[in-house]
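The values are calculated or read from the model by the stated rules, or taken from the named source; none is laboratory data. What you see is a predicted model, and the numbers here were worked out from it, not measured in a lab. All Cβ positions, glycine included, derive from the backbone under ideal geometry; neighbour counts span all protein chains shown. Please note that ligands, DNA and RNA were not included when accessible areas were found on the heavy atoms of the full protein model with its side chains. Shrake-Rupley method; radii C 1.70, N 1.55, O 1.52, S 1.80 Å.
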Amino acid sequence: MLQKKKSILVFYFETLTQILGHPREFFMKLPQEADWKRSVGFLFVSSLFFTGASLISNMPPNPLFLGSVFFINAMGMTFITAGTAYMIMIMSLGKRVTFTRFLSVYAFSSGVTLLASWLPFFVWLTEPWKWWLIGTGMTKSFDLRWGQAVLIIGVSLLSVMFFFWSLLPIISS
(Lines give C-alpha, C1' and ligand atoms only; values in the text may rest on other atoms or scores of the structure.)
Protein backbone atom coordinates (compact mmCIF):
# COMPACT_ATOMS: atom_id res chain seq x y z
CA MET A 1 0.00 0.00 0.00
CA LEU A 2 2.61 2.57 1.05
CA GLN A 3 5.95 2.47 -0.75
CA LYS A 4 8.94 4.44 0.48
CA LYS A 5 10.35 5.45 -2.91
CA LYS A 6 7.32 7.28 -4.28
CA SER A 7 7.39 11.04 -4.51
CA ILE A 8 5.09 12.86 -2.13
CA LEU A 9 2.73 13.92 -4.94
CA VAL A 10 2.42 10.40 -6.35
CA PHE A 11 1.85 9.09 -2.84
CA TYR A 12 -0.61 11.94 -2.20
CA PHE A 13 -2.84 11.24 -5.20
CA GLU A 14 -2.73 7.46 -4.76
CA THR A 15 -3.68 7.84 -1.09
CA LEU A 16 -6.41 10.34 -1.94
CA THR A 17 -7.87 7.93 -4.50
CA GLN A 18 -7.78 5.04 -2.01
CA ILE A 19 -9.43 7.00 0.80
CA LEU A 20 -12.12 8.45 -1.46
CA GLY A 21 -12.81 5.13 -3.17
CA HIS A 22 -12.48 2.61 -0.36
CA PRO A 23 -11.93 4.23 3.05
CA ARG A 24 -12.61 1.05 5.03
CA GLU A 25 -10.06 -0.93 3.04
CA PHE A 26 -7.54 1.90 3.24
CA PHE A 27 -7.71 2.00 7.03
CA MET A 28 -7.69 -1.80 7.31
CA LYS A 29 -4.40 -1.84 5.41
CA LEU A 30 -2.80 0.97 7.42
CA PRO A 31 0.53 -0.47 8.54
CA GLN A 32 1.05 -1.29 12.21
CA GLU A 33 4.10 0.94 12.14
CA ALA A 34 2.52 3.85 10.28
CA ASP A 35 5.00 6.30 8.78
CA TRP A 36 4.15 9.65 10.38
CA LYS A 37 6.13 11.47 7.67
CA ARG A 38 3.77 10.18 4.98
CA SER A 39 0.57 10.94 6.88
CA VAL A 40 1.74 14.38 8.01
CA GLY A 41 3.03 15.03 4.48
CA PHE A 42 -0.43 14.16 3.16
CA LEU A 43 -1.98 16.58 5.66
CA PHE A 44 0.62 19.23 4.75
CA VAL A 45 -0.19 19.10 1.02
CA SER A 46 -3.94 19.23 1.75
CA SER A 47 -3.40 22.14 4.15
CA LEU A 48 -1.47 24.04 1.48
CA PHE A 49 -4.31 23.47 -1.01
CA PHE A 50 -6.91 24.49 1.60
CA THR A 51 -4.94 27.66 2.43
CA GLY A 52 -4.50 28.65 -1.20
CA ALA A 53 -8.12 27.97 -2.12
CA SER A 54 -9.37 29.85 0.95
CA LEU A 55 -7.23 32.88 0.11
CA ILE A 56 -8.29 32.92 -3.53
CA SER A 57 -11.97 32.61 -2.65
CA ASN A 58 -11.86 35.27 0.10
CA MET A 59 -9.29 37.73 -1.31
CA PRO A 60 -8.42 39.14 2.13
CA PRO A 61 -6.62 42.47 2.53
CA ASN A 62 -3.72 40.79 4.38
CA PRO A 63 -3.26 37.41 2.64
CA LEU A 64 0.02 36.53 4.34
CA PHE A 65 -1.45 36.83 7.83
CA LEU A 66 -4.73 35.12 7.02
CA GLY A 67 -2.96 32.42 5.01
CA SER A 68 -0.76 31.69 8.02
CA VAL A 69 -3.84 31.44 10.22
CA PHE A 70 -5.58 29.09 7.77
CA PHE A 71 -2.53 26.85 7.43
CA ILE A 72 -1.70 26.71 11.14
CA ASN A 73 -5.35 26.02 11.94
CA ALA A 74 -5.59 23.20 9.37
CA MET A 75 -2.43 21.49 10.64
CA GLY A 76 -2.73 22.44 14.30
CA MET A 77 -6.31 21.38 14.91
CA THR A 78 -5.50 17.94 13.53
CA PHE A 79 -2.68 17.55 16.05
CA ILE A 80 -4.76 19.01 18.90
CA THR A 81 -7.77 16.78 18.27
CA ALA A 82 -5.60 13.70 17.69
CA GLY A 83 -3.63 14.33 20.88
CA THR A 84 -6.77 14.89 22.92
CA ALA A 85 -8.49 11.81 21.50
CA TYR A 86 -5.39 9.72 22.10
CA MET A 87 -5.38 10.75 25.76
CA ILE A 88 -9.10 9.96 26.02
CA MET A 89 -8.48 6.53 24.48
CA ILE A 90 -5.67 5.77 26.92
CA MET A 91 -7.71 6.96 29.92
CA SER A 92 -10.84 5.05 28.94
CA LEU A 93 -9.61 1.94 27.09
CA GLY A 94 -5.90 1.71 27.78
CA LYS A 95 -3.19 2.04 25.17
CA ARG A 96 -4.24 0.24 21.99
CA VAL A 97 -1.88 1.71 19.40
CA THR A 98 1.06 4.08 19.11
CA PHE A 99 0.39 7.81 18.84
CA THR A 100 2.02 7.78 15.39
CA ARG A 101 -0.58 5.33 14.09
CA PHE A 102 -3.38 7.22 15.83
CA LEU A 103 -2.19 10.52 14.32
CA SER A 104 -2.09 8.90 10.87
CA VAL A 105 -5.83 8.19 11.00
CA TYR A 106 -6.51 11.82 11.94
CA ALA A 107 -4.07 13.22 9.36
CA PHE A 108 -5.41 11.16 6.46
CA SER A 109 -9.05 11.84 7.40
CA SER A 110 -8.51 15.56 7.90
CA GLY A 111 -6.38 15.84 4.77
CA VAL A 112 -9.10 14.43 2.53
CA THR A 113 -11.82 16.68 3.91
CA LEU A 114 -9.67 19.84 3.74
CA LEU A 115 -9.91 19.63 -0.04
CA ALA A 116 -13.57 20.70 0.11
CA SER A 117 -13.61 22.57 3.44
CA TRP A 118 -12.70 25.91 1.90
CA LEU A 119 -16.00 26.07 -0.01
CA PRO A 120 -18.64 28.22 1.70
CA PHE A 121 -21.07 26.20 3.84
CA PHE A 122 -19.30 22.92 3.01
CA VAL A 123 -18.28 22.66 6.65
CA TRP A 124 -21.73 21.13 7.20
CA LEU A 125 -20.70 18.26 4.92
CA THR A 126 -16.97 17.98 5.50
CA GLU A 127 -16.97 17.96 9.31
CA PRO A 128 -19.37 15.02 9.70
CA TRP A 129 -17.53 13.25 6.87
CA LYS A 130 -14.17 13.83 8.60
CA TRP A 131 -15.45 12.42 11.90
CA TRP A 132 -16.98 9.44 10.09
CA LEU A 133 -13.61 8.79 8.41
CA ILE A 134 -11.83 9.06 11.78
CA GLY A 135 -14.35 6.67 13.35
CA THR A 136 -13.91 4.30 10.43
CA GLY A 137 -10.15 4.54 10.83
CA MET A 138 -10.42 3.76 14.54
CA THR A 139 -12.63 0.74 13.99
CA LYS A 140 -10.71 -0.66 11.03
CA SER A 141 -7.14 0.18 12.13
CA PHE A 142 -7.37 -0.24 15.90
CA ASP A 143 -10.12 -2.87 16.16
CA LEU A 144 -12.31 -0.62 18.29
CA ARG A 145 -16.07 -1.02 18.32
CA TRP A 146 -18.13 1.86 16.91
CA GLY A 147 -19.38 2.74 20.40
CA GLN A 148 -15.80 3.07 21.63
CA ALA A 149 -14.82 5.23 18.64
CA VAL A 150 -17.86 7.47 19.12
CA LEU A 151 -17.05 7.82 22.83
CA ILE A 152 -13.44 8.80 22.11
CA ILE A 153 -14.42 11.24 19.36
CA GLY A 154 -17.31 12.77 21.35
CA VAL A 155 -15.41 13.25 24.60
CA SER A 156 -12.35 14.62 22.81
CA LEU A 157 -14.44 17.08 20.78
CA LEU A 158 -16.21 18.28 23.91
CA SER A 159 -12.86 18.62 25.70
CA VAL A 160 -11.34 20.69 22.90
CA MET A 161 -14.48 22.80 22.60
CA PHE A 162 -14.57 23.53 26.34
CA PHE A 163 -10.85 24.29 26.37
CA PHE A 164 -11.19 26.92 23.63
CA TRP A 165 -14.39 28.23 25.19
CA SER A 166 -12.51 28.70 28.48
CA LEU A 167 -9.92 30.81 26.63
CA LEU A 168 -12.50 33.31 25.34
CA PRO A 169 -12.37 35.61 28.40
CA ILE A 170 -8.58 35.80 28.08
CA ILE A 171 -8.63 36.43 24.34
CA SER A 172 -11.48 38.96 24.33
CA SER A 173 -10.04 41.16 27.08
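Here are the numbers for the structure shown:
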read-out	value
Pair list, Cβ < 7 Å and 6+ apart or interchain, from segment 61-90 residues that are over 28 Å from F142 (Cβ atoms) to residues that are β-branched (V, I, T) and part of a helix (DSSP H, G or I)	G67/T51; F70/T51; F71/T51
L43 vs. criteria open to solvent by 20 Å² or more (accessible area, probe 1.4 Å), part of a helix (DSSP H, G or I) and modelled with pLDDT of 95 or more	no
Members of segment 96-108 that are touching a residue at least 60 places away in the same chain (Cβ under 8 Å) and either under 21 Å from F13 (Cα atoms) or of a type in the set (G, A, S) (or both)	R101, L103, S104, V105, A107, F108
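Residues checked against (1) over 17 Å from S117 (Cβ atoms); (2) open to solvent by less than 40 Å² (accessible area, probe 1.4 Å):
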position: R24; (1), (2): yes, no
position: R38; (1), (2): yes, yes
position: L48; (1), (2): no, no
position: A53; (1), (2): no, yes
position: I56; (1), (2): no, no
position: M59; (1), (2): yes, no
position: L66; (1), (2): no, no
